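Read through the structure below, which is laid out as structure tokens, and then see the notes.
Every number here is computed from the coordinates shown, using simple stated rules; none is lab data. Treat the numbers as computed from the prediction; the structure is a model and nothing was measured. Glycine gets a Cβ as well: all are built from the backbone with ideal geometry, and neighbour counts include every protein chain shown.
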Amino acid sequence: RIGKLLTISVNTPELYEYSQRAKTPEFIQEFRKRAKIEPKNAELKRFHGLDRAKGYGLRSIRIQAKLTALAVNLKRIAKLVSASKGLSSFILRFLFCRLQINLPDGLWVAARAV
């Protein structure tokens, strides 16, 4: 015989409230944002060592997280730049403008020539 077992615990009202909140448009919109970020967090954890702390203390962990994010972002930038030559000039200009990096004229010309 196949049956369902329904257990009622102390947390049942909270779980019911959460399930009702999950049906609201605000929750769905928040979840869409989270769904875009989760694969990036998984990459940081699986392939770049963010699943295990390399040092002691919150300061060390913050530094590790920031350096890991920097490494992954540089990897993505390199992938975009190497994707196509015509796009690389546009990407570099966008990055320099976005990061508000003031470069000497010679370096800007060298970056545009890439």
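What to note about this one:
- Subset tally (residues that are assigned to a loop (DSSP other than H, G, I, E, B) and basic (Lys, Arg)) for segment 1-51: 3
- Within segment 39-61, residues that are basic (Lys, Arg) sit with their Cβ atoms under 7 Å from residues that are outside any helix (DSSP H, G or I), at 6+ positions apart or across chains, in these pairs: Lys45/Asp51.
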